[in-house]
1. So how many residues does segment B:276-310 have that are polar (S, T, N, Q), in a loop (DSSP other than H, G, I, E, B) and closer than 17 Å to B:PHE376 by Cβ?
2. Could you figure out which of (1) free of Cβ contacts under 8 Å to residues at least 60 places away in the same chain; (2) over 19 Å from the mean Cα position of the chain (by Cα); (3) under 22 Å from B:GLY70 (Cα atoms) isn't true of B:GLY214?
3. So which residues in segment B:267-292 are touching a residue at least 60 places away in the same chain (Cβ under 8 Å), within 19 Å of A:LYS194 (Cβ to Cβ) and surrounded by 21 or more Cβ atoms within 10 Å (Cβ to Cβ), if there are any at all?
4. Do we have any residue at all in segment B:328-351 that's over 22 Å from A:LYS208 (Cβ atoms), of a type in the set (Ser, Thr, Tyr) and in contact (Cβ under 8 Å) with a residue 24 or more places away in the chain?
5. Using the structure shown, decide if A:LEU255 is at pLDDT 90 or above and open to solvent by 30 Å² or more (accessible area, probe 1.4 Å).
6. Hey, could you check segment A:316-334 for residues that are outside any loop (DSSP other than H, G, I, E, B) and surrounded by fewer than 19 Cβ atoms within 10 Å (Cβ to Cβ) and say which is nearest to the other protein chains (Cβ to nearest Cβ)?
7. Report yes if B:ARG225 is free of Cβ contacts under 8 Å to residues at least 24 places away in the same chain and not assigned by TED's automatic domain parsing to the domain that holds B:ILE289, otherwise no.
Amino acid sequence: MSSTADLSIAPMQGTFLSRRPLLVFCLLICATVLLLLLNVAIGSVQYSFSEILAVLRAPFDTSTASAIIWNIRIPRAIAAVFGGAYLAASGLLLQIYFRNPIVGPYILGISSGATLMVSFVMLTTVSAGLTMLSPYLNTLAAFIGAYVVMLIVLAVANRVGGGATLLIVGLMMGYLCGAVSAILTALAEKEKIKGFVLWQLGSFSGFKWNEITLLLLGGGLIIVLLYCLSKPLNAFLLGEEYAASLGVNIRRFRLLILLCSCALAGMITSMAGPVAFIGMAVPHMARLSFGTSDNRILIPGACLMGAVVTSLCDLIARSVMAPVELPLSAITAFFGAPIVIFLLLKRRVKL
Amino acid sequence: MRGVSVRSTAEILLVGIVLLVFLLSGCRQEASQDSDKEDRSGGEARPAFLQIGEFAVHRISANRTEVRDGAGRTLILIPRGAPVPDDCDPRHVVRTPVKRVAAYGYFDVAALRMLGVLDEVLVGVTVPEKEWARCSADVARGMREGRTAYLGDASSIDFERLKQMEPDLVLTWDPSSLPLLDDLHIPAVITSTPQATCLSARMRYVQFLAPFFGREKEADAYFARIDAALRDIRARTAGAGEQPKVMWGDIYEKRVMVEPGNAWVGELVGLAQSSYQFEDVFGTSCIEISVERFLYSGETADIFFTYRSRESGASSKEAIARLNPLIKDIAPLRSGRVFAPQPCYIQSMDKLDEILTEISAIIHPDLYPGYMLKYFDELPDRDTAHDKDTRS
């Protein structure tokens, strides 16, 4: 694995918020709010501005309009913001951890673990008697799958020192989980496969308020923790020896990075399914936009950029052919893949 | 004050393209037999060119018929014993009547039954015997007696077993299997299409397969039977006072899918003096739509047909609502009627006339007094003790 960290110290030790980052922050905040509002206002059922306002003023109304705005659109819009932010932060952390610009949050098998457990629930009869868990069965299964894989990866990380070994272990976990899922798919009844394929495409559809609360509290805490770790992260980016010389406990710090990254990615994957490219492409977009590798700027910056890109992709996915929904991962790939290719060709992929 | 959203330019373009394809592909029944001449070589009038949705049959001469399958490939049917013309690609020549067939899907097997050739020609299927035993005793018997082999799942065919059964023809929905089938020198027909199967194509599909077996009369008789059933439905429901609103789809934990309006069920619902709630949705087969649209359309719907069988969780309205609480308030789940397919439904497309009549009887129960359901179950409001016991 090649180290591409040729970070200049100047941006980190200079003025924390110079003019450009400040401007980009303002733009991203405005874009996030704008897209949040658009995602609430636009849908396959059309409501006028005054109708939406009336519905927003009466949250406990029992009308269909109220159910659509309050229980479908708003949770989905918020979920897209959180989902994009957390996946971007997760990808950023792993890119720093592995000092590899083209890793994403799913490189360690998180999504494969989630997919494996969901395939158990959806493609077999093991969940037949678990109707009391409905409608959270898939979410719970994905949650368990993602976090079991995360624990295995953390256990391995605790034993091995090299990032390359961990990366290979993560890939192997992905292959193993993928193999079992593939066997279950091959043996499953056709009518069950449709639902499973749908889940694998990823979507912010159907988010519930209690899931939003979990995202806000659980994910919010991790993001705050990450921001507090941004200085050690900057030091880590310059090399483990350098970070150690500044008093960072490298072993614990590496585990903490992995824990935070996997927890964020696992949270989103369990609730929305695998969402491709956000975690890989958005950190690069953030680096380019802010013109810095300072994690004090990049962590909130990548979160905002992720929120903007994901909200936009979700808006496109559900609007272009409304009421038909396009797969979210297809739209995010349309954004992400060209960006990654462009950056690779321009040789501007640096950490 | 509310309505379905104004379409974007892209959507209007897409709808336009789909409509154009429809017009060109002859989904309209009156356009499906636009023969410019008739072939009388067999002693009876038969259209020389027959367009059936994406499929086509072109009778060039007594010894040569060209058919276009769902993938747009042209196959040449040459009677056994007749010489193969020089201009024919041997890979695309099928000797008729076909005597040994492997079929991937339920619908293809049902088509063979419609033509009266199933017992004689079926040598391979992709569904195990226990599944057939439920409703297709003829296929199950053929498998027990060793005439018909289980070839493995349709997505992972055992090609060695397939070759061993020496089929003259494979009926498959999977275009990716074509290169290997070509290598094995087994002619294949793609039976699925990029477009949803409209009602006319659904009815006439058997006429596309008939030339392979020399069973045109049987196909015509089948078509006449379905046509008569449709005429009866139209006549019975013409004076129906109210137009019930129907939705057809499936509900998952966070997502919903519906049958598009251009599919045969959407057309049938319109034909039976009722309104299909997703008439504006276009697609190949069941397709994901937004939950909000499902909820909005469900607000005024009377009847909901779910794809989901009882075994897959559609045991009651309560059970379906539990799958996705966001849609628990759609009218069919609260106060309307919900129907789930019985196991025989998917295996009984040779009885399309009965299925169409049953759907009409469900929509207008007052016009079909005493009708007993054979292919669908009406779901109770709540799970019975038996359902709960079965699950636990």
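The values are calculated or read from the model by the stated rules, or taken from the named source; none is laboratory data. For clarity, every value in this text was computed on a predicted model and none was experimentally measured. Here Cβ is always computed from backbone atoms with ideal geometry, including for glycine, and neighbour counts include all displayed protein chains. Note: accessible area is taken over every heavy atom of the protein model, side chains too, but ligands, DNA and RNA are not part of it. Shrake-Rupley method; radii C 1.70, N 1.55, O 1.52, S 1.80 Å.
1. Step one: of segment B:276-310, the residues polar (S, T, N, Q) are B:277, B:284-285, B:290, B:297, B:300, B:306, B:309.
If we keep only those that are in a loop (DSSP other than H, G, I, E, B) too, we end up with B:277, B:284-285, B:290, B:300, B:309.
If we keep only those that are closer than 17 Å to B:PHE376 by Cβ too, we end up with B:309.
So the answer is 1.
2. (1)
3. Keep residues of segment B:267-292 that are touching a residue at least 60 places away in the same chain (Cβ under 8 Å), which gives B:267-269, B:271-274, B:280, B:282-285.
If we keep only those that are within 19 Å of A:LYS194 (Cβ to Cβ) as well, we get B:282-285.
The answer is B:PHE282, B:GLY283.
4. yes
5. Values: at pLDDT 90 or above: no; open to solvent by 30 Å² or more (accessible area, probe 1.4 Å): yes.
No; evaluated as a whole, the condition is false for this residue.
6. Kept after step one, since they are outside any loop (DSSP other than H, G, I, E, B), are these residues of segment A:316-334: A:316-319, A:324, A:328-334.
Of the ones still in play, those that are also surrounded by fewer than 19 Cβ atoms within 10 Å (Cβ to Cβ) are A:316, A:330, A:333-334.
Values: A:ILE316: 10, A:ALA330: 12, A:ALA333: 17, A:PHE334: 14 Å.
By that ranking, first place goes to A:ILE316.
7. Values: free of Cβ contacts under 8 Å to residues at least 24 places away in the same chain: no; not assigned by TED's automatic domain parsing to the domain that holds B:ILE289: yes.
When the stated conditions are applied, B:ARG225 does not pass them.
To keep it simple, each residue is scored yes or no on (1) farther than 29 Å from B:LEU230 by Cα; (2) of a type in the set (Val, Ile, Thr); (3) open to solvent by less than 20 Å² (accessible area, probe 1.4 Å); (4) touching an Asp or Glu at 6+ places or on another chain (Cβ under 9 Å).
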{"position": "B:GLY313", "(1), (2), (3), (4)": "yes, no, no, no"}
{"position": "B:ILE327", "(1), (2), (3), (4)": "yes, yes, yes, no"}
{"position": "B:PRO332", "(1), (2), (3), (4)": "no, no, yes, yes"}
{"position": "B:ALA340", "(1), (2), (3), (4)": "no, no, yes, yes"}
{"position": "B:ASP366", "(1), (2), (3), (4)": "no, no, no, no"}
{"position": "B:PRO369", "(1), (2), (3), (4)": "no, no, no, no"}
{"position": "B:THR384", "(1), (2), (3), (4)": "yes, yes, no, no"}
